[in-house]
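Undergrad: Take a look at this one; I'll ask things after.
The values are calculated or read from the model by the stated rules, or taken from the named source; none is laboratory data. Keep in mind that what you see is a predicted model, and the values were worked out from it rather than measured. In this analysis, Cβ positions are derived from the backbone assuming ideal geometry, glycine residues included, and neighbour counts consider all displayed protein chains.
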Amino acid sequence: MEILQQGAEAVIYKDKNKVIKHRIKKEYRINEIDEKLRKFRTKREAKVLEKIDVKKPKLISVDNKNMKIEMEFINGDLLKDIFDKLKNRKEICIKIGKQIRQMHNQNIIHGDLTTSNMILKNDEIYFIDFGLSFFSDKIEDKAVDLHLLKQAIRAKHYKVFYESFEEIFRAYHPDKEFMKRFEKVESRGRYKLRKGF
Ligand SMILES: Nc1ncnc2c1ncn2[C@@H]1O[C@H](COP(=O)(O)OP(=O)(O)OP(=O)(O)O)[C@@H](O)[C@H]1O
Ligand SMILES: [Mg+2]
């Protein structure tokens, strides 16, 4: 077993074609809150992995007590590392937009849409990291989800930001009501990118 990543939230181990995501104690959080939060996010991540219809790692098992999730290892590239130099970025952006539409149609809000939480494998996008996901049918929540992705792309991929987000947004097929809400969310501009909590 090897450590794949010591993330902001969890330690990720790889064991053959399995990934183990273990949410570990955060020393700076008050014990009780820390435990509740880790339990809640573990449960939520497993539930969403089970329900969601977009490409994602298959859930193998969940251990709520020890806050461990076992899932399929996606043997691809983290989108963040290759996005700027992708030859078929337009095609990939269309796939991203369509899949976000798909998850929002299921009333699942990812909660942390960034290129660090997407893996590209065989020209397909796999979504990961559902610990901050929630269920909602509100346009507001969907608009904020996309707005956070826009901010993340602007911050990490500023050279290709404009055309990339445009493609994603177009492929999402926003209707008039969504566009209006999206503009409203943007003009408020009070949403912060999550890092760590
Ligand atoms: N199923 C998987 N297959 C392949 N790699 C994975 C998988 N799950 C996680 N990873 C790798 O581990 C990293 C961290 O996983 P994840 O995003 O779920 O945890 P995190 O604690 O939120 O980390 P971070 O705060 O760095 O995003 C991912 O960016 C990815 O590189
Ligand atoms: Mg992550």
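Undergrad: Is it the case, given these coordinates, that Ser133 is under 26 Å from Asp34 (Cα atoms), in contact (Cβ under 8 Å) with a residue 40 or more places away in the chain and of a type in the set (Ser, Thr, Tyr)?
TA: yes
Undergrad: Same structure again: Sort through Ile92, Ile74, Ile119 and tell me the only one that's assigned to a strand (DSSP E or B) and of a type in the set (A, V, I, L, M, F, W, C).
TA: That would be Ile119, the only listed residue that is assigned to a strand (DSSP E or B) and of a type in the set (A, V, I, L, M, F, W, C).
Undergrad: Provide a single number: the residues in the range 67-96 that are farther than 16 Å from Met118 by Cα and touching a helix residue (DSSP H, G or I) at 6+ places or on another chain (Cβ under 9 Å).
TA: Count: 3.
Undergrad: Something else now. If you go through the range 130-144 one residue at a time, how many are crowded, with 21+ Cβ neighbours inside 10 Å and either on the phi > 0 side of the Ramachandran plot or within 16 Å of ligand 2 (Cβ to nearest atom) (or both)?
TA: Final tally of qualifying residues: 3.
Undergrad: Got a number for residues in the range 4-52 being at pLDDT 95 or above and among the aromatic types (Phe, Trp, Tyr)?
TA: Residues flagged as at pLDDT 95 or above and among the aromatic types (Phe, Trp, Tyr) within the range 4-52 amount to 2.
Undergrad: If you don't mind, another one. Can you tell which of Asn66, Asn88 is assigned by TED's automatic domain parsing to the domain that holds Glu124, exposed (fewer than 14 other Cβ atoms within 10 Å of the Cβ), over 24 Å from His147 (Cβ atoms) and more than 16 Å from ligand 2 (Cβ to nearest atom)?
TA: Of Asn66, Asn88, the one residue that is assigned by TED's automatic domain parsing to the domain that holds Glu124, exposed (fewer than 14 other Cβ atoms within 10 Å of the Cβ), over 24 Å from His147 (Cβ atoms) and more than 16 Å from ligand 2 (Cβ to nearest atom) is Asn88.
Undergrad: Also: For the range 4-16, what are the residues that are over 21 Å from the mean Cα position of the chain (by Cα) and not acidic (Asp, Glu)?
TA: If the condition is that a residue be over 21 Å from the mean Cα position of the chain (by Cα) and not acidic (Asp, Glu), then Lys16 is the only one that fits.
Undergrad: Taking into account only those residues within the range 95-110 that are assigned to a loop (DSSP other than H, G, I, E, B) and surrounded by fewer than 21 Cβ atoms within 10 Å (Cβ to Cβ), which is nearest to ligand 1 (Cβ to nearest atom)?
TA: In this case the residue turns out to be Gln106.
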